[in-house]
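Okay, so here's the structure we're looking at.
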Amino acid sequence: MTPVPADPTPGTVAAAVPPPPTTPGPDPWADLRRHTPARIALGRAGSSLPTTEWLRFAADHAQARDAVQQPLDVATLHATLAGDGWTTLTVASRAPDRASYLRRPDWGRRLDDASAQRLHQAAATMAGPPDLVIVLGDGLSALALQSHAPALLAALRPALAGRFTLAPLVIATQARVALADEVGAILGARLALMLLGERPGLSAPDSLGAYLTFDPQPGRSDAQRNCVSNIRPEGLDSTTAAHRIAWLLGEAARRRLSGVALKDDSGTPLLPRTA
């Protein structure tokens, strides 16, 4: 029952009570949401999230889980790269399956015996040690590699032309970042570049990372590499990423180092400039 307001004190005028608004006002967070995929100002329904936001969260979580489990389609990737004029080799880490890969990260950092032997045979047929080997690893999101690696390589190729001798591309399954160190060491490459599917997040199940190491050898630490991350159309586009990667590779070769001692002074903007 709605309480009846008390009679005003004699000699005073009752204050007018404004009617409740019939429509909600403008959302003050709307402009900020246009600039970020982060979950901000989700609202509430009682003590819980609104149904729409809960469903979005569940869908994004499912996409992230699927990205981790989805296998790399090696045959399709090989055919795509061959159509673009690349020569490829295929290797595998010591993790025999996805479950083992997730439980034993160390297995994903080393080649299995058959792959190591295959690379030794390939090295014996080369005219000499290459300047650069590019490894394409499934990582924690094969979707990222499958979707974005060909475009990144297409943008990277003209930036590298005439500057580096390249080994065949190496497609690696059940791969961690450090697997490129062993690949580079066997082939005798001065530089190794790993393109790897990054750990999926709730806003990005298809983020590709690029990790470069000078003088790759097993046992290199993360402090001895440089990383360019979030390569995808909604993040760092392929052209911008290729420019930054090519600059870092050139400086790593010139200065004979990589990692924390090599800062990105390429001048490449973090985001594309807009009018």
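The values are calculated or read from the model by the stated rules, or taken from the named source; none is laboratory data. Please read these numbers as outputs of a predicted model, since none were measured by experiment. When we count neighbours, we look across all protein chains shown, and the Cβ atoms used for this are built from the backbone with ideal geometry, even at glycine. Side chains included, ligands, DNA and RNA excluded: accessible areas come from the protein's heavy atoms. Shrake-Rupley method; radii C 1.70, N 1.55, O 1.52, S 1.80 Å.
Between Ala172, Pro129, Ala192, the Cα set farthest toward the positive side of the dipole of the chain (charges on each charged residue's Cβ, about the Cα centre) is that of Pro129.
The fraction of accessible area contributed by carbon and sulfur in segment 61-125 is 50 percent, rounded to a whole number (1.4 Å probe; ligands and nucleic acids excluded). In the context of the full set of protein chains, segment 186-275 has a per residue accessible area of 47 Å² (1.4 Å probe). By its C-alpha gyration tensor, with a ≥ b ≥ c as the square roots of the eigenvalues, how is segment 189-244 shaped: rounded for a/c under 1.5, else prolate for a/b larger than b/c, else oblate? In terms of gyration-tensor shape, oblate. If only the Cβ of Lys and Arg carry +1 and only the Cβ of Asp and Glu carry -1, the dipole of the chain around its Cα centre is close to 560 debye. The simple Förster model, with R0 at 25 Å and r as the Cβ-Cβ distance, assigns Leu257 and Thr125 a FRET efficiency of 0.25. Modelled spin-label separation between Thr52 and His35, with each label point placed 7 Å from Cα along the Cα-to-Cβ direction: 2.2 nm. Averaged per residue, segment 48-162 has 51 square angstrom of accessible surface, using a 1.4 angstrom probe with ligands and nucleic acids left out.
In summary, the helical segments of the chain meeting the span-like criteria, namely a full DSSP H run, a Cα extent along the axis of 15 angstrom or more and a mean Kyte-Doolittle hydropathy of at least 0.5, are 142-160. Relative to the globular-protein estimate of 2.2 N^0.38 Å, the Cα radius of gyration of the chain stands at 1.42.
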